[in-house]
Structure formats: structure tokens, C-alpha cells
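Below you'll find the structure, written out as C-alpha cells, and then a few comments.
The values are calculated or read from the model by the stated rules, or taken from the named source; none is laboratory data. Everything numeric here is computed off the predicted structure, so don't read it as measured data. Positions of Cβ are generated from backbone atoms using ideal geometry, with glycine treated the same way; all protein chains shown enter the neighbour counts. The accessibility values were calculated without ligands, DNA or RNA, using every heavy atom of the protein model including side chains. Shrake-Rupley method; radii C 1.70, N 1.55, O 1.52, S 1.80 Å.
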Amino acid sequence: MRILLLGGTSFVGRAIADDALRSGAEVALFTRGRTNPGLFPAATHLIGDRDTGDYTALRDGRWDAVVDVSGYRPRQVGQAMDALGDRVGRYLFISSHAVYERSGLAPGSDESVPRRAPLRDAEQLTEETYGRLKVACEDDVTARYGDRATIVRPGKVAGPHDEQRGLTYWARRAARGGRIALPGRPEQPVQVVDARDLARLVVRLLQDDRTGAFHAVGPAEPTTLGGLIATCAEVAGTEVEVVPVPPESAPPPFFPLVRDVPLWPGQQRSAARARAAGMPATPLAVTAADVLAWDRDRGEPPLGHGFTPEQEARVLAEATGSRP
């Protein structure tokens, strides 16, 4: 099978490329050639730039499928489809749960719940624009390729090489042990999908030539934020005490994996359709252990989100009435 990835050397794309190569596929990666350029020597590397509309490297060649990992705006997706035309069999678009309406959602929602209104263009990718731009991208792919279009909507993705810092923050923090400040509620449901499970789903969908939309959510068993922190501590061999602190004590713009109560149903989506299509269910403990090992191996650089140790000490002191 010949697979073209638009992207493929960062986090999600990297996992998909790795799985596709392991499956025996012939893989071509269309990238700017800047991120991890030495990865995947067995793949064909095509250099271009979606930001500038440079798709010259795609003017020749045919592929059984394309996986669009890096399409965030309809303009980018439209240009890619124009460049490829009918020289690809299936177009699989990596979308997001941000496409869905947030109000009126119940736990266990499937892929049929209402999406937000599409947005054709925006200067910045923000919480308000990101999901709506993805809706427009989904619509354009489906309009162009019909039954040859596949949409995968991941939830929060985790695993080695995760620069989104969600599970990485908690794995690192739990490994230090002791009292942990949580600017949220331990009973909050949380869904993280292992990047390798997402990748396996994508490749299986291509191999089976499946159409439609699929949730990529995990872990194997439903969990809460408190349960996730406890799992991270367990794999690290530490003892922790989760201390809820006021949400306003968290540094902006957001705190890893913490969600307001009205958004909790969005952390309880159904993975039934993706599981039936062959998506594995890696235990959270395995994902957390692999993230911790990868983070330590790279030297634990600053994450840029969550509490610094100094901030956390002050917040814990204020919450418990003790000295930092």
C-alpha cells in the first residue's frame, strides 16, 4: 500500500508514519524538512510548505491513500486536494473533538452529535476558531472525495514525543511524589488516547478502505483526573496526595487536562466505532510509563504549562494554611 502523509515527523504524524512503515506500506512524507529531518530513512521525503502553498513536490506520483495530519484551515486542505486530484484513492483527514457543539452533550456521545458552525478563515487558531475551521475542512474533504473520505477525530493524544504536555506534565509531577496541587476536581472524567493506538486505527482504516467518521479516544478503561495522577504515581513508584486548589490559582492560559464541569461530558465520548474498526486500547499505565521514560531520556526540559515547583509550593501553602 502506498501512503502519503501530509506531515509525519512530529507527534501524531510520527506515530502514524511509524505504524504505516511497520505494516509494510510504502510511505511518503510531505513536510518542510525542518522537524526531525533524519527520521524514517526508509520513507520518501517530499519537501514543501503548506503555509505558503508550495505543493510542487506533489505534482507527480500516485498513492492509495493520503493522511492529512497538518491541515488546520480550509485553504490548506483545498490546496492539497487541488494538487493531488484523483491521484489518491482515499483521503483521511485528522480532525478534532473541537468540531462538536459543547452544550447539550451527554456522556457516551458518538460521532453523530451536532458539530459547530463551519468557519472558512481566521487569522489565529484559538479556542473559538480552531474547531470551526476543522469543521469546514471536514466538509471540504467529504464534498471532494465522498465515500473515499475518512474523518478521524482524536481526543487528547498522549505518548512519547508529546509536545502538547498534557499527560507529560502529570507523569513528571507524580514522579516527584508528595502533595500535588490540582486546580480542578479529582473526580473529573478524562480521556487520553495513546498516539500509537490512534496510529494503528488510521492505518487499519486505510487497509480496510473504511469511510465515515471515527472517535479516537482512550484509555482502555474509563478514568478520572485523580485516577490518572494515581496511575502516574504508581508507574513511577511514588506516593502522592492530591490537594484540590482554587481554579483561579492556575497559571494561564490553561492547565493540563483540567476541564470545567460543563465540559465533562466531552471527556466521556464513545470509542465503540473506532474499537470495532480495530483501534487498540493501551492501558493508561503503559502510556504513562512510556511517557515518563521518554521525558527523562530527553532531560525533562521546561514544559511551559502547569505549575512550576515554586508556584505549586505557594499555592499549596495558601490552600492548606501552611508555610511554603
| said: I need the full set of residues from region 294-310 which are open to solvent by 60 Å² or more (accessible area, probe 1.4 Å) and assigned to a helix (DSSP H, G or I), in order please. | reply: ARG296, ASP297, PRO309, GLU310
| task | Please state which one of ARG172, ARG148 is within 27 Å of ALA319 (Cα to Cα), open to solvent by 20 Å² or more (accessible area, probe 1.4 Å) and in contact (Cβ under 8 Å) with a residue 60 or more places away in the chain. | result | ARG172
| field | Filter result for the condition that a residue is buried (at least 21 other Cβ atoms within 10 Å of the Cβ) and at pLDDT below 95, over GLY166, GLY131 | value | GLY166
| request: Answer yes or no: is there a residue in region 19-35 that is under 17 Å from GLU138 (Cβ atoms) and touching a Leu at 6+ places or on another chain (Cβ under 8 Å). | output: no
| query | Cβ-Cβ below 7 Å, separation at least six or inter-chain, first residue in region 20-39 and touching a residue at least 60 places away in the same chain (Cβ under 8 Å), second assigned to a loop (DSSP other than H, G, I, E, B): which pairs? | reply | ALA25/MET1
| message | I want to confirm something. Restricting to region 32-58 and keeping residues that are assigned to a loop (DSSP other than H, G, I, E, B) and hydroxyl-bearing (Ser, Thr, Tyr), which single residue is least open to solvent (accessible area, probe 1.4 Å)? | response | TYR55
| remark: Only one of (1) surrounded by 15 or more Cβ atoms within 10 Å (Cβ to Cβ); (2) in contact (Cβ under 8 Å) with a residue 60 or more places away in the chain does not apply to ASP209, and that is (1)
| note | Those residues of region 238-273 which are within 22 Å of PRO283 (Cβ to Cβ) and either open to solvent by 70 Å² or more (accessible area, probe 1.4 Å) or in contact with a strand residue (DSSP E or B) (Cβ under 6 Å, 6 or more places away or on another chain) (or both) amount to GLU239, VAL240, VAL242, LEU257, GLN267, GLN268, ARG269, ALA271, ARG273
| Test result for ASP64, open to solvent by 40 Å² or more (accessible area, probe 1.4 Å), part of a strand (DSSP E or B) and either within 23 Å of ALA199 (Cβ to Cβ) or out of contact with any Lys or Arg (no Cβ under 8 Å at 6 or more places or on another chain) (or both) | yes
| In region 77-107, how many are surrounded by fewer than 18 Cβ atoms within 10 Å (Cβ to Cβ) and under 19 Å from the mean Cα position of the chain (by Cα)? | 2
| query | If you check GLY89 against the conditions, is it more than 29 Å from GLN268 (Cβ to Cβ), at pLDDT 95 or above and either touching a strand residue (DSSP E or B) at 6+ places or on another chain (Cβ under 6 Å) or assigned to a helix (DSSP H, G or I) (or both)? | reply | yes
| task | State yes or no: is ALA313 among the hydrophobic types (A, V, I, L, M, F, W, C), without any contact (Cβ under 8 Å) to a residue 24 or more places away in the chain and either open to solvent by less than 40 Å² (accessible area, probe 1.4 Å) or not in a loop (DSSP other than H, G, I, E, B) (or both)? | result | yes
| Scope region 7-31; condition among the hydroxyl-bearing types (Ser, Thr, Tyr) and crowded, with 22+ Cβ neighbours inside 10 Å; matching residues | THR9, THR31
| said: Every residue in region 221-237 that is small (Gly, Ala, Ser) and open to solvent by 40 Å² or more (accessible area, probe 1.4 Å), please. | reply: ALA230, GLY237
| query | Is it true that ARG32 is at pLDDT below 95 and in contact with a strand residue (DSSP E or B) (Cβ under 7 Å, 6 or more places away or on another chain)? | reply | yes
